[in-house]
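Report on the structure given below.
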Amino acid sequence: YSLQSEQAQRVVAFLELLERWGQRIRLSGSRDPRELAKRHLGDAFALHTALLRCCDGLPTPPPCLDVGSGGGLPAFLLLALDQRWPLTLVEARGRKAAFLRTAQFELASDAHIVVHDDRLEALLANASLPLPFGAAWSLATFAPERWLEIAAPLVAPETGLVFAFIAGEDLPHLGPELPLRLLESGRWALDDGRPRLLGVYRHH
């Protein structure tokens, strides 16, 4: 994946903001922006590539849901690559939600972003989310099998996409009761050799 100059500038600006905020609150597993780039750029590249491929032919990018957005990974790296994706970010922890709003204001003011600082269950109970979404993902909040169960009702029947990030080489088991089918999967490795996998599922 080759970054254009403008994309690279947006990636660097986001990592610098993440580093500044990380000196006050813990937003991610590392406070080193170079380590964060190595660890999470692959996630954003894989997600962006899969979104482009699976949404090819649609008149507009579909609304996307990121659950457990935390320090904005991979959401703001995705926006650094392509700001067209409309994102709804769900983050229950107030300080992390405040960071997401700051990142939106400073780095992606032209993008369509909505930040909810509440738990997914509460937002669903209050009908606060504009269901259904065209695509949904959660980087590390749930085990992959559990995420597929949670996400299936959140995306549009027959067309909605669910992305599952997996730290390993095995795709999660897809129970027969889930209205999802595997479209594709992408594999890559971190710098230390640890495998990463992105499973892409379509609602049916």
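The values are calculated or read from the model by the stated rules, or taken from the named source; none is laboratory data. Quick caveat: nothing in here was measured; it's all calculated off a predicted structure. Here the Cβ positions follow ideal geometry from the backbone for every residue, glycine too, while neighbour counts run over all protein chains shown. Surface accessibility is based on the protein's heavy atoms, side chains included, excluding ligands, DNA and RNA. Shrake-Rupley method; radii C 1.70, N 1.55, O 1.52, S 1.80 Å.
Details
- Residue count, the range 139-155 (criterion: surrounded by fewer than 17 Cβ atoms within 10 Å (Cβ to Cβ) and either farther than 25 Å from residue 187 by Cβ or aromatic (Phe, Trp, Tyr) (or both)): 1
- Qualifying residues in the range 73-83 (those that are under 8 Å from the mean Cα position of the chain (by Cα) and open to solvent by less than 10 Å² (accessible area, probe 1.4 Å)) - the one modelled with the lowest pLDDT: 74
- Selection of the range 106-118 for residues being open to solvent by 50 Å² or more (accessible area, probe 1.4 Å) and touching a strand residue (DSSP E or B) at 6+ places or on another chain (Cβ under 8 Å) yields 112, 114, 118.
- Extreme residue, modelled with the lowest pLDDT, among residues of the range 158-185 that are open to solvent by less than 30 Å² (accessible area, probe 1.4 Å) and out of contact with any Pro (no Cβ under 7 Å at 6 or more places or on another chain): 175
- Residue match in the range 110-125 (condition: under 26 Å from residue 4 (Cα atoms), touching a residue at least 60 places away in the same chain (Cβ under 8 Å) and out of contact with any helix residue (DSSP H, G or I) (no Cβ under 9 Å at 6 or more places or on another chain)): no
- Hits in the range 84-100 - residues which are farther than 17 Å from residue 130 by Cβ, under 15 Å from the mean Cα position of the chain (by Cα), surrounded by fewer than 24 Cβ atoms within 10 Å (Cβ to Cβ) and of a type outside the set (Lys, Arg): 97
- Strands (runs of 3 or more DSSP E) wholly inside the range 148-204 that include at least 2 residues being without any contact (Cβ under 8 Å) to a residue 60 or more places away in the chain and of a type in the set (A, V, I, L, M): 161-166, 180-189
- So residue 51, is it hydrophobic (A, V, I, L, M, F, W, C) and farther than 17 Å from residue 104 by Cβ: yes
- Screening 136, 127, 103 for residues that are on the phi > 0 side of the Ramachandran plot and open to solvent by less than 90 Å² (accessible area, probe 1.4 Å) leaves exactly one candidate, 127.
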